[in-house]
Amino acid sequence: MRRGVAFTGAGISTECGIPDFRSPGGLWTRNRPIDFDAFLASRAMRDEAWRRRFAMEEAFAKARPGRGHRALSRLLAEGRLAGIVTQNIDGLHQASGAPPEDVIELHGNTTYATCLDCGRRYELEWVRMRFEAESGAAPDCEECAGPIKSATISFGQPMPAPAMLRARELTQGCDVFLAIGSSLVVWPAAGFPLEAKRNGAILVIINREPTELDDIADLVIRDEIGEVFAPFA
Ligand code: NAD
Ligand code: ZN
């Protein structure tokens with residue numbers, strides 16, 4: 001039996017109501033992301049980052065797993081997938097039943113927050129209450145007064161070492177690598193499909209638009225993810 005790894009991007013969650021970055025109407029066409037240095041450098045940027053996060057809250061809170069998420073959880077349960085490496089921060093793989101230890105989050109998770117200095121965890125609801133009580137000012141850590149940030153990885157922020165290590169192991173151990181719903185332009189994440197291919201795995205790309213790596217893929221399925229996975233969902 002072949003051993004697969006799924007590598008997912010924002011495109012698997014668009015049918016769940018969470019916009020991606022680069023499609024027309026995507027988040028990037030509205031706002032340039034706030035990078036890590038800017039977040040650290042100014043209180044005004046932290047206020048703005050939290051304002052944007054709470055503007056997205058309804059979409060994140062309402063989202064339910066889509067057909068792609070459900071199909072991948074099923075393939076995991078059947079032992080056909082060794083793991084899911086995701087760039088997504090929405091928690092929908094876990095919500096569709098994938099065991100948390102089989103979901104490798106390269107860019108963190110937006111459903112909670114942490115203090116960047118002492119690591120203390122904060123629930124989003126707490127941050128929101130404080131943010132609203134202070135008329136839109138980002139709260140600081142109660143423990144150490146450090147900056148509180150959603151538990152995601154921003155541009156310029158160090159990648160989480162354990163997740164990178166695990167993703168590398170999975171990539172090197174698979175013989176089929178499915179890249180699903182990613183434009184494959186965000187590094188270092190986009191290095192994984194390249195590495196899989198270099199290791200001799202079959203590279204399959206499922207995306208409705210061309211990606212950076214179509215030329216080296218063994219199979220490109222240019223279609224809606226939900227439709228492709230509907231038979232397995
Ligand atoms: P991206 O926006 O760069 O690319 C998404 C790709 O998915 C696009 O090429 C688009 O054509 C395709 N796509 C969108 N909907 C599709 C559908 N229904 N069927 C088939 N293809 C579809 O996303 P990325 O490569 O994941 O990089 C974006 C970064 O932004 C990631 O690092 C991630 O951390 C973050 N992000 C996450 C979410 C989320 O968690 N859902 C949403 C937006 C951005
Ligand atoms: Zn702290």
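The values are calculated or read from the model by the stated rules, or taken from the named source; none is laboratory data. Source: prediction; values computed, not measured. Virtual Cβ from ideal backbone geometry, glycine too; neighbours counted across all protein chains shown. For the accessible areas, the whole protein counts, side chains as well, though only heavy atoms, and no ligand, DNA or RNA atoms are used. Shrake-Rupley method; radii C 1.70, N 1.55, O 1.52, S 1.80 Å.
General observations
- Residue that is nearest to ligand 2 (Cβ to nearest atom) [pool: residues in the range 188-206 that are open to solvent by 20 Å² or more (accessible area, probe 1.4 Å) and assigned to a loop (DSSP other than H, G, I, E, B)]: 188
- A search for C-beta distances below 8 Å between a residue of the range 163-190 that is more than 24 Å from residue 67 (Cβ to Cβ) and any residue that is charged (D, E, K, R) and assigned to a helix (DSSP H, G or I), counting only pairs 6+ apart in sequence or on different chains, returns 168/195; 171/195; 172/195.
- Residue within the range 103-112 that is assigned to a strand (DSSP E or B), touching a strand residue (DSSP E or B) at 6+ places or on another chain (Cβ under 6 Å) and open to solvent by 50 Å² or more (accessible area, probe 1.4 Å) present: yes
- The range 123-136: number of residues that are more than 16 Å from ligand 1 (Cβ to nearest atom), crowded, with 16+ Cβ neighbours inside 10 Å and not charged (D, E, K, R): 2
- Counting only residues that are more than 9 Å from ligand 1 (Cβ to nearest atom) and either open to solvent by less than 70 Å² (accessible area, probe 1.4 Å) or modelled with pLDDT of 95 or more (or both), the range 209-220 holds 8 of them.
- Taken over the range 104-148, the residue count meeting the criterion of being within 16 Å of the chain's Cα centre (by Cα) and either within 16 Å of ligand 2 (Cβ to nearest atom) or at negative phi (or both) is 9.
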